[in-house]
Structures are given as C-alpha cells and as structure tokens.
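Some notes on the structure that comes next.
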Amino acid sequence: MKANPFFSAQINRVFTLLIIALFISGNILGSTFLKKQDQNDTLSYKLVKGTIMDSDNGSPLIFANLTVEDTNIATVSNSEGDFSLKIPKEMLNKKLTVSYIGYKSKMVDIKDLKGDKNKIKLELLTVSLDAINVFPKDPYLLIQAVIQRRNENYIQEESLMTAFYRETIKNRRQYASLSEAVVEVYKHSYGNDRQDVIRLMKGRKSADYSKLDTLVFKLQGGPYSTIMLDIMKNPYMILDYDVLEDYTFSIANITREDNRLLYVLEFAQREWVQEPLFYGKLYIDAESLAIVNATYNINTEDQAAVARMFIKRKPAGAQVYPTEASYMVSYREKDGKWIYGYSRGELTFKVKWNKRLFNSVYHTGIEMAVTDWKATNEKPFKSSDRMKMNIVMTDAQLGFADDNFWGKYNVIEPEKSIETAIKKIQKNLDKLEH
C-alpha cells in the first residue's frame, strides 16, 4: 500500500478518543464543576419523558430522533429507548416528531404528553419490490456522487449549536467515571475546512477510581471527539478521494425512514491494506444522495497497531489493546439541507498484566446530541473561551448530585445503570465527607 501521510496525520486527529492510562494507588475522587442555575428557569419549560418502542413487540428503539415541530429543539432516545425533553412553554401547542430508520415517523401533540411514562410506538416500514429494483449499478459511482454533492446537501452557513455531551468509563459492568456537559458548538459550513470549535457552558464529573483496579483511565478530547465523528465535515476518515481505493463498497439493502428511501451501502477495507481502517454501513437518501446516518467500526485485527492509535500512555507490566471500537453519526434535515445531530463512540479494551492470572476489561463511551441550533453571523469563539482539543474532563470540587443543575438545558436521558452508578458514587463521597 502506498504511503498516505495526509491520511495518517488526519486519522490521528480524528481519534482524539485516546486513553491515558496512569498507574496510581486506588482511591476515591469525585466532583462536579461549573455554574449554578437560575431557579426561575424551571418555570419556563415543560419536562416530558417516555420511551420510544416498536409497535408490534414493544422493544425499545435506541437513538431515535425527537424534534419539536418547526424548531431545531431536539434530542435522542438512549440505549434503553428512553427520552426526556424540556420544551419551552410557549411551544406546548406544537407537535413532537419522532423518527427512526426503518420505521414510519410519528407526530405527537406535546400537550397530550403527561408525566414521565409516555410510550410512543412506531410502526415498522416495509420496502416494496419496486423499490428494490432501483439499486444503483455501481457502488463506487454512488459514493463518489455522495462526495460530489456534499456542498449541495449539507448546510453552507455557520451555525451555533447547543449540545449535550456525556462520557463514561466502566470496569466490566461497574461505572468508575461519569462526565456530562452542556456545550456550545460553533460549526463552520460543510464547505469550510476550518475545524469546528466548542465552549463549555455547564459541566459536572464524578469518579470512583477504586473501580479501576489501581489504574486511572482518562479520555482525551472530550466533546471534540464526538464532533470529529461527523464524517461529512471530516471526510478524510472514509469519504476522501485519497482513501476510497482502500475500501470495497457494496449495496447491501434498501430501507426507509418514513417516506424517504435509503440505500444501505456497506464498506470494508481491502484485504491488501495493512493499516487498521474501518468497516460499516452508510445510509444514503436515494433522492438527494445525502448520508443521513452512518454506523462503523475500526478493524482491530492488528492489536498492536490499533493500540498505538488509541493508547497514549500505559503502566509498566501491562499490555493494553482495544478489542472493539464502534461509532455512529446521524444527521438532521431542515428545508432540504442536512446538519450534524448526534454521534456516539464506544471502545472496549483489555489490560493483560504480566504477573496476574486474570485480565481486566474496560469500556469507555462518548456521545453528544445537538439539542438546538441556529444560523449565525457571529465570529468563532475567542481562543480564551474555547475548550482545548486535547481536553480531559477534569475533576473539580463539589458533589455530583444537583437537581437544579441543568435548568432548562436538554440532556440525553441517562440509562438506569448510570443513575444507579451516580447514587453509588455519591454515597461513597458522602462517607468521605463525614
């Protein structure tokens, strides 16, 4: 394979999800950081909660999109299908649109949503035989057309986004670190190569490092790691002309999202390519040829090479290597143009100790959902206001629990296991304080 220094440099930039492994004695640290919330905010919105599910079997639909009608206020359901959404009271007469690939979208009157046990059921869509006959003949021509239409399909103006970010670290099933933040993202147009920038509005972190088996793992990059997964803004991962020849592409299926016909384009690195690349699926709007969703993994067969990509520092006497790295990104459409809406990354890695019988397995996760956005004529944030690209969500001073902390800001509903972890960590902190 020919050398591609541009790609090598950029893929390192993409994987800001680097693990810093520090060898320390086990102890318990916990914290929360940033601003107090004006109590009056609670008077200005309605909080609705519920579950998105399949209408036939009741199974939860994870990472479904929810958007308030005629606005950019949005969120996603979590990995258990649950959602929460804070809706300004002046918008309670609007509808909530719920969409999910392979299902018919549904609009619900917001005023009809009561309490926290709303169940929104979506119907599975079937694809007719006529639709199956419209398969593109050449998948390479299809992916090239996707790239050529990027500026036509994606927003070509600067945007100011409000977004919710969460990162977690688990030792097997036990949460050891939880960080959450509300951030603003200055997103350059999709025709502008300048890097999007982020500033922190609110944040909190809690950690119980005793769960990490004498290791402290920290994720470097924070919210920047999630916006780098926007493959239409950062195409050098998969959708750059210089790397297309390193992949095979094939049309795997056709599906729908409401009335929108989607091609499912599978891709994988060619057998002769030695460096670890990606494999996955691109969901492409058959009419506009815009990518509306992508799910992909990195090839972890070469453990040493993947470890060099992810592990920045590790303790002596241990081999650390990722066993799985999976990603997804989804886009939202308004007035015929698409923009980044949600992304998620999950990494599982194993620590093999030289003088221990059993290995340690750790799981890390990052996700960010855009909860509101608008076009802007403002200049990008000042350098002094920006989060650093290599940020580690650091410990600060107070406890994690604060019912009024987030005020009117929308968040991704936490999984039940995360809620349990927060309570356990907080209980440990209370013991230390007394």
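The values are calculated or read from the model by the stated rules, or taken from the named source; none is laboratory data. Here the structure is a predicted model, which is why all the values come from computation and not from measurement. As a convention, Cβ positions derive from the backbone with ideal geometry for all residues, glycine included, and neighbour counts pool all protein chains shown. Surface areas here come from the heavy atoms of the whole protein model, side chains and all, with no ligands, DNA or RNA. Shrake-Rupley method; radii C 1.70, N 1.55, O 1.52, S 1.80 Å.
Taking segment 326-367 as the search range and keeping residues that are at pLDDT 90 or above and of a type in the set (A, V, I, L, M), which one is farthest from the chain's Cα centre (by Cα)?
ILE339
Just to be sure I understand the filter: pairs with C-beta atoms under 9 Å, separated by 6 or more residues or on different chains, first member in segment 169-189 and closer than 13 Å to VAL411 by Cα, second member crowded, with 23+ Cβ neighbours inside 10 Å and of a type in the set (Asp, Glu). Which pairs pass?
Here the result reads SER179/GLU167; GLU180/GLU167; ALA181/GLU167, each pair linking segment 169-189 to a residue that is crowded, with 23+ Cβ neighbours inside 10 Å and of a type in the set (Asp, Glu).
For segment 186-216, give me each residue that is open to solvent by 40 Å² or more (accessible area, probe 1.4 Å), modelled with pLDDT under 75 and part of a strand (DSSP E or B).
none
Test of understanding: among LEU92, LEU96, which residue is more than 24 Å from the chain's Cα centre (by Cα), surrounded by 15 or more Cβ atoms within 10 Å (Cβ to Cβ) and at pLDDT 90 or above?
Answer to the selection: LEU92.
When only residues in segment 157-185 that are modelled with pLDDT of 90 or more and aliphatic (A, V, I, L, M) count, which is farthest from ILE366 (Cα to Cα)?
LEU160
Those residues that are at pLDDT 90 or above and on the phi > 0 side of the Ramachandran plot, I need them from segment 99-151; list them, please.
GLY102
Please state which one of ASP258, ASP242 is out of contact with any Lys or Arg (no Cβ under 9 Å at 6 or more places or on another chain) and either over 30 Å from PHE310 (Cβ atoms) or open to solvent by 30 Å² or more (accessible area, probe 1.4 Å) (or both).
Of ASP258, ASP242, the one residue that is out of contact with any Lys or Arg (no Cβ under 9 Å at 6 or more places or on another chain) and either over 30 Å from PHE310 (Cβ atoms) or open to solvent by 30 Å² or more (accessible area, probe 1.4 Å) (or both) is ASP242.
Taking only pairs six or more apart or across chains, which ones have beta-carbon atoms under 6 Å, a first residue in segment 221-240 that is in contact (Cβ under 8 Å) with a residue 12 or more places away in the chain and of a type outside the set (A, V, I, L, M, F, W, C), and a second residue that is part of a helix (DSSP H, G or I) and open to solvent by 10 Å² or more (accessible area, probe 1.4 Å)?
Short answer, once both residue conditions are applied: TYR236/GLN10.
I'd like to know if segment 2-22 contains one or more residues that are over 30 Å from ARG308 (Cβ atoms), surrounded by 13 or more Cβ atoms within 10 Å (Cβ to Cβ) and at pLDDT below 95.
no
With the condition kept exactly as written, say whether any residue in segment 231-250 is closer than 22 Å to ILE143 by Cα, touching a Gly at 6+ places or on another chain (Cβ under 6 Å) and in a strand (DSSP E or B).
Checking segment 231-250: not a single residue is closer than 22 Å to ILE143 by Cα, touching a Gly at 6+ places or on another chain (Cβ under 6 Å) and in a strand (DSSP E or B).
Which of the residues that make up segment 56-69 are among the polar types (S, T, N, Q), touching a strand residue (DSSP E or B) at 6+ places or on another chain (Cβ under 8 Å) and either without any contact (Cβ under 8 Å) to a residue 12 or more places away in the chain or loosely packed, with under 14 Cβ neighbours inside 10 Å (or both)?
SER59
For the list (1) modelled with pLDDT under 65; (2) part of a helix (DSSP H, G or I); (3) of a type in the set (Val, Ile, Thr), I need the number of the one condition that THR394 fails.
The failed condition is (2).
LEU289 versus (1) touching a helix residue (DSSP H, G or I) at 6+ places or on another chain (Cβ under 6 Å); (2) open to solvent by 10 Å² or more (accessible area, probe 1.4 Å); (3) not in a loop (DSSP other than H, G, I, E, B): which is the lone unmet condition?
(3)
Select the strands (runs of 3 or more DSSP E) contained entirely in segment 295-391, then report the ones holding at least 1 residues which are buried (at least 20 other Cβ atoms within 10 Å of the Cβ) and free of Cβ contacts under 8 Å to residues at least 60 places away in the same chain.
Fully inside segment 295-391 and qualifying: 318-334.
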